[in-house]
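Please read the structure below before turning to the comments.
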């Protein structure tokens, strides 16, 4: 395929991008008391000078930042201060049938606790001022999910007693995060990546300029001008610097140790990171010539992973002086 | 205080962008710089606002530098806030006397993720985020509190929407616009009761760029400089259950400190992503019932997160520069249920 | 026209791999309360808060400062959040100084933090988008090739990095807040430690820490009321350049050189080699000490390593560097730049404790971030300018 037709026909690429991590949060002495209480089926607040009894308890007064330590038992019943009705719950929300997010002012508290109210999916059964009480989780672990939901007070049952009292205060809570994005590669990157799928490495440049950017960046970083001209560069290049990575990383699939190179492709003016294989570690050096090793043709994709790795090329090294501007 | 004027402004908003952040920002920056009459190298300071979470990439703002020009090296800073706060930092920098001009920009994409859920991670990470309340739900709780307190009626909310979407017809940057009667809007189903879809922000992708300049040079650069006469921002406590959601003390305070009430206002551009919030903010910031608000359509017409506050300020400035009013209040907000607020009073010469 | 500005209070947390004894608000308050105590002030005395940290992916929170605002006494006050990658601790303090210099506020609390143990720095820094290949393993993966280039360019002795690490690890023993304390550390132990990102060894690298650092900056008028000697801010500077462009020098970046030149000019420093008594600079991997000595003009290009070998940068040398043990000993990423400032300020205040340099009058604080592309610097003086 020609560059022109690639540029013209390159549909922008989209792909799923997921950020996921099981964050574990140490909670400090005040929240520890709150979460330990939940584990025991009890609710506790803390008294503040300016805002009354706070639930959940805070370490400090919300207006004055003074430290707080005067715990107060609250609830378990309370009243809905305000709410919003969720008719189409998202998968990570606590209930999968229609429910309300609500601020619940527990008996003895002066502030609202944000939680969910379950009225069996019937919006007409929820109202401001209604009396509610917790529906406790069958298994309580010492986090906010120990309350499954608030329900109308007459439907609530007391917290099942703790079979075996855990004397260890709750020290941390596990709060898994998973966010899904529909990533768009952008116009220039899409052309570059479509080229990769054809085993063509394309760089971009400003009209009238001779510096070529691989991969394209959407603009020339020096001038912020667009780089609309595409040129093909070689899949051979020179190692301008490198490191040997022996430390594991969650998101990296290469077997340790691996050689991470900054490679300057012939015809490009921007080194980029990739890996070097088929080379003894002690033989890696600045100035060595390398060539891209592509995945088999039937596995080519619009992704830099289509270059499986770089491998040494049997050519003399480039003298340091010739590449030092790029090192 | 030094006199500082907004000398140029450009923006881009679209429902969903396939371009990269750099590709979106680059032409907007070029336009704002060109309109300012300054060369890039003549602009002393650069400050931007954005959030890494919109694209799910740490250091997203680092790449954005490619789009605005940073070679030779520039004096530059970045706030992880709406661009309105970047403008504040730039204005402060000019007040120190170290610099005379600044390029301010912001950008955001709301389309790649479920933006309502992404914003749930700005809440209490121990007790609230694990329940994943989306921003529409939290705003719904606030709206109901206002309805119950008699501060706003459903009809008033629909009136706000109807007016904003009608005004937005004149705004090429609006992504939601149209002529809808109040009754028509009230016939729509609830999205998150008491909010209907049109009561919620018109989430969009885009970028915003502004050039500001101190003193006499600003007078040389533009026919009618728009001067920043007062500038302030404040924050309220975060816990929604601790705040009285029918009151926004930080909005009241920043409008007062910026001098909103120190003279006649011709109009206001405010950040009210949910329709009831316009009514609430009018009340808190002391805006008269008949004062034109959000002639741009506001966030109900285009809501490019991290840029929308700076857009309100820019829209107000351009209206004054075009001779449609002499003195205006512009406002930005961020955080759930208007936790943090910023006000700037603009005046044409 | 700018108002004079002084640092009148400094507070730091104890740094550790996992501060599981505290929540995030608790961590920040530990530093902020120590700074208030140092300045003999209460939350009420503060006009505004400027907060900084590096990527929010580390804690999995968006705009975390909004959640933390009331923990820092910011209710009803202005709060700004700065993020300029690793340099953020420095640039956050610079913004606080601007608020005083502009005459907008009398006293500002500035604080920078990171609670890296909520997740994992290697994860947080290596979130590759689709279509790319993930090869750069964390910050070390990015900076190791630059170190290799420096070694090649300068021809520095191969043990330069070992000597820097040995010095900073010894210095940390005198710092009560330091995370890594290795009383028996030896040259051989560092030399024989595991190569993580060849040529960077494990003991030549910074740890991942939880921690926060806070400063109270004030106007000249209010500094008069401070109970302890203030550190006068003689200058602050910031410079940025693109992360990559054709023929960019990322080893000795122009932005770093210009930021240094700017801050010396503001401070009235003609020759930094003669007029600066000590330096706290951002050295996450030991080889960056010689690199930054060149960028900041303390050595000619290619000769920064000599200052390590001849003992100039040692605690008892003629111009000590990283008296506190530096980033190599404590690295709560977002806070690290502000620690450099705070430690430099404490030197000229005479408040640096066991690692105090006798008679330090002028000290430099330095931070960098991104791909060696963001720089923040400040010069502190014991005498009012």
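Rule-based calculations on the coordinates, nothing more; no lab input. Just so we're clear, the structure is a prediction, and the values are computed from it rather than from any experiment. Note that we place each Cβ from the backbone using ideal geometry, even for glycine, and neighbour counts take in every protein chain shown.
Modelled this way, with points 7 Å down the Cα-to-C-beta line, the labels at residue A:164 and residue B:349 are 7.9 nm from one another.
When the P(r) is computed for segment C:242-385, the part past 22 Å accounts for 33% of the Cα-Cα pairs.
For chain B, the longest principal axis of the alpha carbon atoms and the long axis of helix B:249-258 meet at an angle near 30°.
Using the Stokes-Einstein relation with a Kirkwood hydrodynamic radius computed over Cα pairs, the translational diffusion coefficient of chain C at 25 °C and a viscosity of 0.890 mPa s comes to 121 µm²/s. The alpha carbon convex hull volume per residue for segment B:61-126 rounds to 127 Å³.
Beta bridges per DSSP, both residues in segment A:28-170: antiparallel share near 95 percent.
Could you give log10 I(q)/I(0) at q = 0.16, 0.22, 0.30, 0.31 Å⁻¹ for segment B:108-154, computed by the Debye formula over C-alpha point scatterers of equal weight, without solvent? Treating every Cα as an identical point scatterer, log10 I(q)/I(0) equals -0.55, -0.78, -0.98, -1.01.
Given C-alpha coordinates of segment B:207-349, what is the ratio Rg to Rh with the Kirkwood estimate of Rh? Don't skip to the answer; put the middle values down first.
Working: Rg = 14.7 Å, Rh = 15.2 Å.
So for segment B:207-349, dividing Rg by the Kirkwood Rh gives 0.97.
Counted by neighbouring Cβ atoms within 10 Å, the residues A:140, C:349 run from fewest to most as A:140, C:349. Annotation: Cα Rg of chain A relative to the compact-globule expectation 2.2 N^0.38 Å equals 1.51.
Cβ crowding within 10 Å, taken as a proxy for footprinting-reagent exposure, orders B:79, A:116 from fewest neighbours to most as A:116, B:79. For segment A:234-327, the C-alpha radius of gyration divided by 2.2 N^0.38 Å, with N the number of residues, is 1.07. Annotation: average projected area of segment C:148-204 is 4.2 square nanometres, based on the convex hull of Cα atoms across all directions. Normalising the Debye intensity of segment C:1-63 to I(0), with uniform scatterers on Cα atoms only, and taking log10 at q = 0.14, 0.21, 0.26, 0.27 Å⁻¹ returns -0.55, -1.03, -1.26, -1.30.
Apply the Debye scattering formula to chain B, with a single equal point scatterer on each alpha-carbon and no solvent, then give log10 I(q)/I(0) at q = 0.06, 0.12, 0.13 Å⁻¹. For the requested q values the scattering log ratios are -0.19, -0.80, -0.94. Taking other C-beta atoms within 10 angstrom as a stand-in for reagent exposure, C:338, C:62 fall in the order C:62, C:338, fewest first.
Calculated mean residue ellipticity, 222 nm, chain B: -9500 deg cm²/dmol, from DSSP H runs (n ≥ 4) at -39500 (n - 2.57) each, averaged per residue and rounded to 500.
Mean partner shielding of peptide A:87-95, defined as the number of other chain Cβ atoms within 10 Å of each residue Cβ, is 4. Normalising by residue count, segment C:51-194 has a Cα convex hull of 194 Å³ per residue.
When its C-alpha radius of gyration is set against 2.2 N^0.38 Å (N residues), segment B:131-225 gives a value of 1.50.
Under 10 °C and 1.306 mPa s, how fast does segment C:177-330 diffuse according to Stokes-Einstein, given a Kirkwood radius computed over C-alpha pairs? Answer in µm²/s, whole number. Write out the running numbers ahead of the final one.
Numbers: Rh = 17.8 Å.
After rounding, the answer is 89 µm²/s.
The listed peptides C:29-39, C:81-91, ordered by packing as a protection proxy, come out as C:81-91, C:29-39 (highest mean of other Cβ atoms within 10 Å first). Divide the volume of the convex hull around the Cα atoms of segment C:1-126 by the residue count and you get 101 Å³ per residue. Percent of C-alpha pairs per 10 Å bin in the protein assembly as shown, short distances first: 2, 11, 20, 24, 21, 14, 6, 1, 0.
In this entry, segment B:129-172 is assigned a mean projected area of 4.5 nm², taken as a quarter of its C-alpha convex hull surface. Tilt of helix A:28-39 relative to the longest C-alpha principal axis of chain A, in degrees (0 to 90, nearest 10)? Its long axis makes an angle of about 60 degrees. Whole-percent P(r), segment A:28-170, all Cα pairs, 10 Å bins from 0: 12, 40, 34, 13, 0. Rounded to the nearest 500, the helix-only mean residue ellipticity at 222 nm of chain C stands at -9500 deg cm²/dmol, with each DSSP H run of n ≥ 4 adding -39,500 (n - 2.57). Binning the alpha carbon pair distances of segment C:303-366 at 5 angstrom intervals from zero yields the distribution 4, 18, 27, 25, 18, 8, 0, expressed in whole percent. With the convex hull of the Cα atoms taken as the outline of segment B:31-75, the averaged projected area works out to 3.6 nm². Mean separation of Cα pairs under 8 Å and 6 or more residues apart, divided by the residue count, gives chain C a relative contact order of 26 percent.
Ranked by the mean number of other Cβ atoms within 10 Å per residue, highest first, peptides B:83-89, C:233-239, C:223-229 order as B:83-89, C:233-239, C:223-229.
Note that segment A:117-234 carries a Kirkwood radius of 20.5 Å, evaluated over its alpha carbons pair by pair. Shown here are the Rg and Dmax of the Cα trace of segment C:346-385, at 12.8, 36 Å. Over all distinct Cα-Cα pairs of segment C:103-178, the Kirkwood formula returns a hydrodynamic radius of 16.9 Å.
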